[in-house]
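Read the figures in this text as sums done on the coordinates, not as results from a lab. Remember, predicted model here, so these are calculated numbers, not experimental data. Cβ: placed from backbone, ideal geometry, glycine included. Neighbour counts: every protein chain shown.
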Amino acid sequence: MVWLFNVSRETLRKWREKGLPYNSKKKKYPLRACLTWVKENIWHHQAEGGGINEEKLLRERAKRKQDEFKADAMAKNLVPRDQAEKWLMGHVDEAKSALWGLPRRMGPTLAPISDEKEIEFVLRKEIREILGELSAPIKKKK
């Protein structure tokens, strides 16, 4: 709640004294009830006086997200865009090749089969194998 409303723990304690919903058994704040309470008791009364308002909260939340993103980038938890694009394009090429090659590979297997259900079963099995290969975890190059 401190993060959500961008307030100090002391402010949160004061709000609880004024009636901010809190489940003492679970030691949790019910989110929807808290949002309603803050909107009715804090934003409504302080919006004109320059207190907490929705725009300020949204701005602060966006700034925090941006800071987290920068921290992840600095910690090298993010993949560079060009590397991600290369990986994705390679993956798409593999999928296209596998699917375009399906008729050529499956023609001889399907030719002797006359039952439509059996043909469908064999094709579904082959497609499932292709999708399984495509969805396998990325292999790291050494």
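Below, the figures for the structure above:
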quantity	calculated
Segment 1-40: C-alpha pair distances exceeding 15 Å, %	34
Cross-link pairs beyond the 30 Å C-alpha cut-off, checked among Lys63/Lys96; Lys76/Lys125; Lys39/Lys65; Lys65/Lys86; Lys14/Lys56	Lys63/Lys96; Lys76/Lys125
Residue-span extension gain [Lys39 to Glu133] - 0.36 nm each, minus C-alpha spacing	28.8 nm
Scattering curve values for the chain, log₁₀ I(q)/I(0), Debye with Cα scatterers, q = 0.12, 0.20, 0.21 Å⁻¹	-0.74, -1.19, -1.25
Relative contact order, percent, the chain [alpha-carbon distance under 8 Å, six or more residues apart]	14
Summed residue charge, Cβ within 13 Å of Gln66's Cβ, Lys/Arg positive, Asp/Glu negative	+2
Volume in Å³ per residue [convex hull over Cα atoms, computed for segment 81-134]	63
